[in-house]
Ligand code: NAD
């Protein structure tokens, strides 16, 4: 693996859940892989008044379970030697002095500011970094979701960060773009000639994108009340996945070449009228039930949730793309909490053969399907129909593994690991550009507005089910059904 450039990474929110579960383990893995140059540093900053030793102890005990068998004490020591800790209040300008002194004057050294804190602080942190003169030409900023709760608030955050960082320095992270199967889908589409001719309305019947969680709101009801499934998941992750499936072949893999094509998809999404919202969207909210055999409370019983809350914990949408390639092909998107399984997948359903010559032998077989799975396992499978060996012409569904896990022995990278390295290297391809983000907000806003104006409540679904019955009806009206196969 190629070595990274020398870098300093400032991790605001260094004691938080994201830092401990994803960011520090990702950096550890890179130290373990030998790609992090000796002089590179990780400067963790957070509110807790801890000494460096106490922070390192906390980090080691908290990160270790996420490293599994990859943890070893020697590598951890080598990793920890690069880490310093800055207890500070990010809202107080005076507290940036120690950080500035540690960063020193290194105009050419890569400096990555990772904002792993509440987005309410993004403007303040940027202002203070700017005022303290800490933002150099070689600086980058990585910002976490949620970037706003609608178009206006996302613009405000982008303006605030944009006052100090140029667009080429801003890395808006959407970790679904860093997942191995999503990368593999790009390779499949644009590294082969086989699929491209079929990747269009003539051959694709429908596309389904599902991101299902078993978890509920995990004690964060107050945060979720102001968010809901549409803002939290669909506006960003599911729409980004839709872009990867639907975009035209870009002229190159340059960041703007790829992002221009994604933007065109977002701008081609058929807008929602209020009547469309009623017909093409379903919102749900879980009630008490059982997940993985254990009883769980309903959403409104969760701490921090208002009685009679109308926040959706499930959303399903039928999206349409108004282009020659995709006209008439429905893209069904759904995401929800308290579903029966943790599942993230993209399903491309191809059309039936135009004429069935095998008659009865075709019974029980389905048309071709490509399933790109991100959770619970990472895989890419093409479902075909083959002849069962033997005398009779009996057809049987089979699948071909297209991730070639047998062919490649290399360690698979976690999405955050890949994206952090990309940020350090300055590669923007897998990060969301401002205009993409705004186009996504523009498309979902009429849904939010119609829901807010309506007297209707989200439809109840039992925890542990696949959402309200209306979600199945969204597809059955087109004679279709959600994919249910392994
Ligand atoms: P968290 O609440 O666990 O951690 C917040 C961190 O910010 C802590 O280190 C805390 O010390 C620090 N902090 C808070 N106020 C501060 C202040 N005034 N001065 C200095 N430090 C302060 O949050 P998290 O779950 O780690 O999430 C961080 C960000 O990442 C949020 O924007 C969140 O929406 C986003 N995010 C988190 C996840 C996740 O899996 N946790 C996933 C996607 C996005």
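Below are the figures for this structure:
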read-out: Count of residues meeting criterion [away from the ligand (no atom under 15 Å from the Cβ) and in contact (Cβ under 8 Å) with a residue 12 or more places away in the chain] in the range 85-105; value: 3
read-out: Elements of type strands (runs of 3 or more DSSP E) contained in the range 307-362, each with 3 or more residues being within 26 Å of residue 290 (Cβ to Cβ) and in contact with a helix residue (DSSP H, G or I) (Cβ under 7 Å, 6 or more places away or on another chain); value: 314-319, 331-336
read-out: Boolean, residue 35 is within 16 Å of the ligand (Cβ to nearest atom), over 25 Å from residue 101 (Cβ atoms), surrounded by fewer than 22 Cβ atoms within 10 Å (Cβ to Cβ) and in contact (Cβ under 8 Å) with a residue 40 or more places away in the chain; value: no
read-out: Within the range 43-58, considering residues that are within 14 Å of the ligand (Cβ to nearest atom) and free of Cβ contacts under 8 Å to residues at least 40 places away in the same chain, the one farthest from residue 118 (Cα to Cα); value: 54
read-out: Residue check for residue 310: at positive phi and either surrounded by 13 or more Cβ atoms within 10 Å (Cβ to Cβ) or in contact with a strand residue (DSSP E or B) (Cβ under 7 Å, 6 or more places away or on another chain) (or both); value: no
read-out: Number of positions in the range 1-25 that are part of a helix (DSSP H, G or I) and surrounded by fewer than 22 Cβ atoms within 10 Å (Cβ to Cβ); value: 5
read-out: Hits in the range 395-420 - residues which are crowded, with 17+ Cβ neighbours inside 10 Å and either in the same structural domain as residue 33 (by TED's automatic domain parsing) or assigned to a loop (DSSP other than H, G, I, E, B) (or both); value: 402, 403, 413, 414
read-out: Subset of the range 12-32 [more than 9 Å from the ligand (Cβ to nearest atom) and in contact with a strand residue (DSSP E or B) (Cβ under 7 Å, 6 or more places away or on another chain)]; value: 27
read-out: The one condition in (1) over 21 Å from residue 87 (Cα atoms); (2) surrounded by fewer than 21 Cβ atoms within 10 Å (Cβ to Cβ); (3) free of Cβ contacts under 8 Å to residues at least 60 places away in the same chain that residue 28 fails to fulfil; value: (2)
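For (1) assigned to a strand (DSSP E or B); (2) within 26 Å of the chain's Cα centre (by Cα); (3) exposed (fewer than 12 other Cβ atoms within 10 Å of the Cβ), each residue gets a yes or a no:
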{"site": "445", "(1), (2), (3)": "no, yes, no"}
{"site": "448", "(1), (2), (3)": "no, yes, no"}
{"site": "452", "(1), (2), (3)": "no, yes, yes"}
{"site": "466", "(1), (2), (3)": "no, yes, no"}
{"site": "474", "(1), (2), (3)": "no, yes, no"}
{"site": "479", "(1), (2), (3)": "no, no, yes"}
{"site": "484", "(1), (2), (3)": "no, yes, yes"}
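The values are calculated or read from the model by the stated rules, or taken from the named source; none is laboratory data. Here the structure is a predicted model, which means the values were calculated and not measured. Don't worry about glycine lacking a Cβ; one is built from the backbone with ideal geometry, like all the others, and counts go over all protein chains shown.
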